[in-house]
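Peer 1: Pasting in a structure now, in structure tokens, and then I'll have a few things to ask.
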């Protein structure tokens, strides 16, 4: 009989990138965003100390790009907090 | 991987969603909370209010948003709260007890896209479009799912009083400015009034709504 060991789920590449990526210095580093993506509106950050203001149009671009769960135990965490959340239980 | 080319090139999720080396920081760290509907067995508020997760980057926000129950699918008496880290979404929190909230009720639940509205309000909060950098007024935003309406609120630290170097007039003007930006994020028409009330006024009024202190 073959015994299967249950491996804990491994984090995905996207989860690992999210963890290891460093914070962009928004005011000092210029990102060349790929064609079709716009930069944050620079006017928002004029006179700002930290430069971490983002307009809605910039933020919405991430919606279809980054869909990875925050962690491998996310589903369990959601069950413990939000529950099934839905109507008609 | 990107380290092997040694170029120090900035790679965002837009370049490669699986293999990126920079993420976009938020001005504040935010915590998402959820209020479970009461089970009817006399459970207390503290057991119903659950801290879900904290985050401090744009990428983390979307990972959460894309993997959590949409507001439109929540049971009645549920709330989502998105608050600055360290502030509990309760009147009794020491940072809220002198504050109040801007709020709008959407009474025709079928006519509104509550998921889009709540998303846009969260984006305005985390993108820091609701207040200016040194205002230090916004504590968080909240959506309530009820039988007769959806309500979206924005909690502020004060009720627009004089404090430090600001006059009462300046304090009020700051709150009105935040209220107008909140109204814009909700894409309301000019004649749709967003109302501000202090938390203590609301508490004394019981479950009914307190008399609005300001409107925009």
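Peer 1: Relative contact order (percent) for chain B, with alpha-carbon contacts under 8 angstrom and 6 or more residues of separation?
Peer 2: Value for chain B: 19 percent.
Peer 1: Where Rh is the Kirkwood radius over the Cα pairs of the range B:8-87, the temperature 4 °C and the viscosity 1.567 mPa s, what D in µm²/s does Stokes-Einstein return?
Peer 2: Rounded to a whole number, D works out at 88 µm²/s.
Peer 1: Right, here's the next one. Per-residue Cβ counts within 10 Å, from other chains only, averaged over B:131-139: what number is that?
Peer 2: Averaged over the peptide's residues, the number is 1.
Peer 1: Does a label point 7 Å from the Cα of residue A:41, set along Cα-to-beta-carbon, have any residues of the range B:98-118 with amide nitrogen under 19 Å, and which are they?
Peer 2: Output list for this probe position: B:117-118.
Peer 1: Take the alpha carbon atoms of the range A:14-89, find their center, do the same for the range B:40-72, and report the distance between the two centers in whole angstrom.
Peer 2: 16
Peer 1: With a bin width of 20 angstrom, please list the P(r) values of the protein assembly as shown as percents of all Cα-Cα pairs, from the 0 bin to the one holding the largest distance.
Peer 2: 30, 55, 13, 1
Peer 1: Output the peptides B:82-94, B:32-44, A:34-46, B:141-153 sorted from most to least packed, where packing is the average of other Cβ atoms within 10 Å over each peptide's residues.
Peer 2: B:141-153, B:82-94, B:32-44, A:34-46
Peer 1: Taking the range B:11-56 as the region of interest, what is the percent of Cα-Cα pairs per 10 angstrom bin, listed from the shortest bin to the one with the maximum distance?
Peer 2: Using 10 Å bins, I get a P(r) of 23, 26, 24, 17, 10, 0 for the range B:11-56.
Peer 1: In a GNM of chain B with a 10 Å cut-off on Cα contacts, which of B:15, B:24, B:120 has the highest mean-square fluctuation?
Peer 2: Per the Cα network of chain B with a 10 Å cutoff, B:15 tops the list.
Peer 1: Could you work out the per residue convex hull volume over the alpha carbons of the range B:99-138, in cubic angstrom?
Peer 2: Taking the convex hull of the Cα positions in the range B:99-138, it is 71 Å³ per residue.
Peer 1: At 7 Å along Cα-to-Cβ for each site, give me the label-to-label distance between residue B:75 and residue A:22 in nm.
Peer 2: According to this spin-label approximation, the distance is 4.7 nm.
Peer 1: Suppose the chain between residue B:149 and residue B:19 were pulled fully straight at 0.36 nm per residue; how much longer would it get relative to their current alpha carbon spacing?
Peer 2: That pair, residue B:149 and residue B:19, stretches by 42.5 nm at full extension.
Peer 1: Over all residues in A:31-43, what is the mean tally of Cβ atoms on other chains that come within 10 Å of each residue's Cβ?
Peer 2: Neighbouring Cβ atoms belonging to other protein chains average 2 per residue here.
Peer 1: Would you mind classifying the range B:72-197 by shape? Square roots of the alpha carbon gyration tensor eigenvalues, ordered a ≥ b ≥ c; an a/c under 1.5 is rounded, otherwise it is prolate if a/b is larger than b/c and oblate if not.
Peer 2: prolate
Peer 1: Counting only Cα, what are the radius of gyration and maximum Cα-Cα distance Dmax of chain A, in Å?
Peer 2: 19.4, 69
Peer 1: Compute the projected area of the convex hull of the Cα atoms of the range B:31-130, averaged over all viewing directions, and report it in nm² to one decimal place.
Peer 2: 7.5
Peer 1: Further question on the same structure: How large is the direction-averaged shadow of the alpha-carbon convex hull of chain B, in nm²?
Peer 2: 14.9
Peer 1: Convex hull volume of the Cα atoms in the range B:155-207, per residue, in Å³?
Peer 2: 103
Rule-based calculations on the coordinates, nothing more; no lab input. Bear in mind that the values here come from a model prediction, so they are computed numbers and not experimental data. Because the Cβ atoms are built from the backbone with ideal geometry, glycine has one as well, and the counts that use them run over all protein chains shown.
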